[in-house]
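Coordinate-derived values only; no laboratory data. These figures come from a predicted structure and were not determined experimentally. So basically every Cβ, Gly included, is an ideal-geometry build from the backbone, and we count neighbours across all protein chains shown.
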Amino acid sequence: LPDNDFAFDLANLEIPAGTTLAVIVNPNNPNGGSFDMAPLPELLGRYPHTYFLVDEAFIGLAGQSVAHIVPQYPNLLVTRTLSKAHSLAGFRVGYAILPDHLAVDLNTHNDAYPLARVSQAAALATLQHEDKIMERVRKLRDWTEELGAELRALGVRTFPTQTYFFLADFAPHDATVLADKLRERGIFIKPLGDPILGPGFMRVTTALPDDNQRVVQSLRELL
Ligand SMILES: Cc1ncc(COP(=O)(O)O)c(C=O)c1O
């Protein structure tokens with residue numbers, strides 16, 4: 001929660017008996033922070049009847065992957081997507097790293113042609129240019145930090161991130177009202193509408209630097 005910047009020690013995770021699946025999103029959405037995954041092996045042993053799915057959708061941006069320990073644990077699954085760091089959201093390519101018996105089961109129930117040829121080609125192409133992807137990831141993270149600093153200068157509370165989006169609390173402003181006004185200016189920011197966090201929370205994703213400047217200018221006028 002906000003008081004500890006949305007950090008959570010996985011060693012303290014307590015899972016109710018009978019739980020089939022526990023999902024850990026690392027790096028996490030919507031705050032963009034990542035977890036220390038060191039306690040995971042102990043958790044996998046402590047809850048042998050629970051499958052742990054680690055969603056590594058944003059792993060290209062930050063965080064410690066646990067994909068390499070999948071072969072050692074029958075209850076660990078990792079899912080990935082090329083929609084985030086690799087920007088291929090429209091191609092709909094994702095994959096899982098998971099124990100054999102689950103892979104076989106999934107493939108038996110999958111569509112005969114789960115991946116369009118063109119998506120496959122795009123995925124293979126992007127995976128051959130990991131250096132360029134990493135270069136852009138560094139830029140995205142820099143732009144995110146710069147945008148966060150600009151919002152703080154306007155009096156907005158922002159929370160730590162390691163990805164290209166972050167949480168911001170615009171209180172005393174209402175995020176839904178603010179998002180509507182921004183939308184009229186062609187700027188799309190997602191109000192969270194979370195009753196626990198409060199009405200001021202938004203998830204802010206970086207755009208290109210010039211566009212970020214437009215956002216900051218608009219907020220300067222609206223706040
Ligand atoms: C945490 C997380 N996991 C998985 C996904 C799935 O992405 P896609 O369906 O584009 O592969 C998303 C997309 O927003 C996400 O935020």
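Once the piece of chain linking Q217 and A149 is laid out straight, how much longer is it, given 0.36 nm per residue of separation minus the C-alpha distance between them?
Length difference between fully extended and current span is 23.1 nm.
On alpha carbon coordinates alone, what is the Rg over Rh value for the stretch 7-139, Rh being the Kirkwood radius?
So for the stretch 7-139, dividing Rg by the Kirkwood Rh gives 0.99.
Let me have the relative contact order for the stretch 92-218, percent, based on Cα pairs under 8 Å that are six or more residues apart.
Normalised by residue count, the contact order of the stretch 92-218 is 20 percent.
Just going by the charge dipole of the chain, with Lys and Arg at +1 and Asp and Glu at -1 on Cβ, which of P27, N4, I187 is farthest out on the positive end?
So the residue we want is I187.
Could you work out, for the chain, what percent of all Cα-Cα pairs fall into each 5 Å distance bin, beginning at 0 Å and stopping at the bin that holds the largest distance?
Pairs per bin, as whole percents: 1, 6, 12, 15, 16, 15, 13, 11, 7, 3, 1, 0.
If you wrap the stretch 127-185's Cα atoms in a convex hull and average its projection over all directions, what's the area in nm²?
Projected area, direction-averaged: 5.3 nm².
Give the relative contact order (percent, whole number) for the chain; include only Cα pairs under 8 Å separated by 6+ residues.
RCO, the chain: 17 percent.
If you take every DSSP beta bridge whose two residues both sit in the chain, what share of them, in percent to the nearest 5, is antiparallel?
60
Can you list the equivalent-ellipsoid semi-axes of the stretch 169-221, largest first and in whole Å, using the square root of 5 times each Cα gyration tensor eigenvalue?
20, 11, 9
Please compute the length gained on full extension between D9 and S65, using 0.36 nm multiplied by the number of residues separating them and subtracting their Cα-Cα distance.
Answer, rounded to one decimal: 18.5 nm.
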